[in-house]
1. Starting from the Cα gyration tensor of the range 126-177, take the square roots of the eigenvalues, sort them a ≥ b ≥ c, and report rounded, prolate or oblate (rounded when a/c is under 1.5, otherwise prolate if a/b is larger than b/c, else oblate).
2. Counting only DSSP beta bridges with both residues in the range 197-322, tell me the antiparallel percent, nearest 5.
3. Among DSSP beta bridges lying fully in the chain, give the percent that are antiparallel, nearest 5.
4. Rounded to the nearest 10 Å², what accessible area does Tyr143 show when all protein chains are kept and the probe is 1.4 Å?
5. Given a 1.4 Å probe, how much area per residue of the chain is accessible, in Å²?
6. By the gyration tensor of its Cα atoms, with a ≥ b ≥ c the square roots of the eigenvalues, what is the shape of the range 22-219: rounded for a/c under 1.5, prolate for a/b over b/c, or oblate?
7. Net charge within 10 Å of Ala287 by Cβ-Cβ distance, Lys/Arg positive one each and Asp/Glu negative one each, not counting Ala287 itself?
8. Using only Cα atoms and rounding to the nearest 10 degrees, what angle (0 to 90) does helix 372-384 make with the longest principal axis of the chain?
Amino acid sequence: MNKLVIEGGKSLKGTVKISGAKNAALPIMAATLLTDERCVLHNVPKLRDTQTMVKLLTSLGKAVECDKNTVCISSNGPLKSMAHYDLVSTMRGSFCVLGPLVAKLGHAKVSLPGGCVIGVRPVDLHLKGLKRLNIKIEIENGYAVASTKSLKGNNIYLGGVFGSSVLATANVMMAATLAQGDTVIESAACEPEIEDLANFLSFMGAQITGQGTPRITITGVKKLHGVDYKIIPDRIEAGTFILLAAATKSDITLKGAYINHLLALTDVLEEAGLEFDYGVDTIHVKASRGLDPMSITTYPYPGFPTDLQAQYMTLMALTPGVSVITDKVYPDRFIHIAELNRMGASIRREGMIGIVQGVKGLVGAQIMASDLRASAALVIAGLAAKGKTEISRIYHLERGYENLDQKLRGLGAKISRRKE
Ligand code: UD1
């Protein structure tokens with residue numbers, strides 16, 4: 001296993017290119033199961049999670065060739081209908097092969113993903129939505145076993161206790177593209193990654209309107225085609241670099257990020273006193289002065305993203321004053337608090353709330369990454385802290401950040417990867 005060693009307390013300077021969005025790439029890769037024709041995807045980030053999806057598609061009978069950030073997916077004989085536990089349990093995104101498989105083959109057997117450190121993470125909304133399309137689903141030995149004689153469009157309400165669900169919307173939307181008649185998804189996820197998936201499906205020949213809003217309408221078609229498609233930039237990676245720039249008092253330009261996807265973050269940071277310059281495809285962050293503490297609550301898009309909550313908490317831990325951070329999407333997503341406190345932060349958890357008493361500075365320590373976004377929060381903390389920080393279990397980071405240490409070295413950070 002590898003660890004990251006960071007000599008912190010240094011401002012960074014330079015330009016960083018934002019990679020393609022992991023959370024758009026995963027369902028789009030799964031959507032290629034809906035056609036026998038060849039699809040070419042550009043701007044796919046090279047990550048552990050996209051590699052897991054490549055393995056899953058290959059195990060389902062696709063031929064997949066990867067060249068840098070381009071992935072070509074074509075048929076390689078008949079599709080298989082079974083997605084095994086080992087490929088779904090390591091990455092929940094794998095569960096979104098269920099909709100495309102059952103739509104294409106009429107049956108599928110996909111392992112249930114199980115929970116993870118950020119919460120229980122049920123899939124009831126996926127199953128409820130797919131059942132409304134005339135799909136029978138039984139749970140057998142930890143697998144969802146789905147079958148249908150013919151998919152039928154329907155009205156589907158996909159709101160849950162914690163709001164809309166990104167991957168449930170993806171799963172149902174993909175299946176509905178090949179259903180007979182119209183499907184209306186109410187309380188659909190509005191995330192840009194869902195919009196990107198809908199745009200990809202439309203290029204394939206699907207008839208979809210309303211993507212990016214809570215009501216998506218899909219008129220089923222008989223067949224979808226192969227396409228060439230470029231994935232959108234990763235707003236969570238971009239947001240992580242913005243928060244990192246603020247926490248380390250740096251001067252960083254992000255290239256290729258879409259500002260429109262980041263308004264919930266930039267709005268709160270502007271109010272806190274951070275300065276931005278926005279170019280055509282650049283965002284320049286210059287953190288020259290101390291910020292004011294600002295409380296946030298995470299919500300589904302366009303609200304403040306839960307995937308930036310941990311990184312934002314690191315910034316607030318370094319911002320004198322009190323801020324209150326509430327996660328209404330994943331109320332248990334606070335495992336980073338204990339590690340940040342080991343570095344000198346002063347954060348208390350009360351249920352779905354983290355109460356942060358900002359301090360003047362953090363100090364380097366040996367810490368452990370626990371999940372993908374918490375790991376990014378710890379990297380920011382390590383870069384801002386005085387002295388040496390060693391972060392173990394960085395395979396979590398490799399799931400979602402393309403060449404993070406290399407990108408940081410490009411900005412002047414002292415960060416290296418060592419064997420544990
Ligand atoms: C996706 C993202 C993940 C992000 C999350 C929320 C991918 C690959 N992952 O995950 O990075 O943190 O959106 O923005 O795109 N829920 C239910 N029942 C369900 C499904 C979800 O109750 O059937 C709950 C979840 O436990 C959570 C909330 O709904 O509390 C939102 O989860 P959801 O949007 O489904 O997250 P994912 O799509 O799994």
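1. Values: a/c = 2.05, a/b = 1.18, b/c = 1.74.
The shape class here is oblate.
2. Details: 12 of 13 bridges.
Percent antiparallel among DSSP bridges in the range 197-322 is about 90.
3. Details: 60 of 82 bridges.
Around 75 percent antiparallel, to the nearest 5.
4. Estimated to the nearest 10 Å², Tyr143 gives 30 Å².
5. Details: 16610 Å² over 420 residues.
Per residue, the chain has 40 Å² of solvent-accessible surface.
6. On the way: a/c = 1.26, a/b = 1.17, b/c = 1.08.
Rounded, because the longest to shortest axis ratio a/c is under 1.5.
7. On the way: positive: Lys249, Lys286, Arg289; negative: Asp251, Glu275.
Around Ala287, the charge tally is +1.
8. On a 0 to 90 degree scale, this one is about 20.
The values are calculated or read from the model by the stated rules, or taken from the named source; none is laboratory data. These numbers come from a predicted model, not from an experiment. In this analysis, Cβ positions are derived from the backbone assuming ideal geometry, glycine residues included, and neighbour counts consider all displayed protein chains. SASA here: full protein model, heavy atoms, side chains in, ligands and nucleic acids out. Shrake-Rupley method; radii C 1.70, N 1.55, O 1.52, S 1.80 Å.
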